[in-house]
Amino acid sequence: MDIPMCDLTSIPAEAGSAPARLLDYIRVDAPQPVVLAYGIGVDSTALLLELESRGTPPDLVITGDPGVEKPETYAYQKMIAAWMAARGIPYVTVRYTPRRFKHWPPY
């Protein structure tokens, strides 16, 4: 599907108003990165496997780790991380660790 580039440099201003904002162009032909928010569940795993099987793996897979998952979940995460590494799919896990607490014990 080819989407034409839109030239918005000739937008007329209404009479008596400030000049219209001119844009050089909107580039629609540049490929956008595909980032998969991976929750380690069945739906996001199915999507990951389907994208890879179609030959269009995501450009990045990211997981948010709350730090309180079951040991089985972390074992599965290690397995799927190795699977992604074998296929050259970048995988990042992020985790927020509070450093200053207003109240103790930490939430």
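Things worth noting here:
- Net length available on complete extension from residue 32 to residue 85 is 16.9 nm, with 0.36 nm assigned per residue and the Cα-Cα distance removed.
- Mean separation of Cα contacts under 8 Å (6+ apart) over length of segment 35-94, as relative contact order %: 39
- Radius of gyration and Dmax over the Cα atoms of segment 35-94, both given in Å: 11.0, 34
- Residue order for 53, 44 - accessible surface, 1.4 angstrom probe, largest first: 53, 44
The values are calculated or read from the model by the stated rules, or taken from the named source; none is laboratory data. All figures in this text were calculated on a predicted structure; none of them were measured in a lab. Remember, those area values only see protein heavy atoms, side chains included, never the ligands or the DNA or RNA. Shrake-Rupley method; radii C 1.70, N 1.55, O 1.52, S 1.80 Å.
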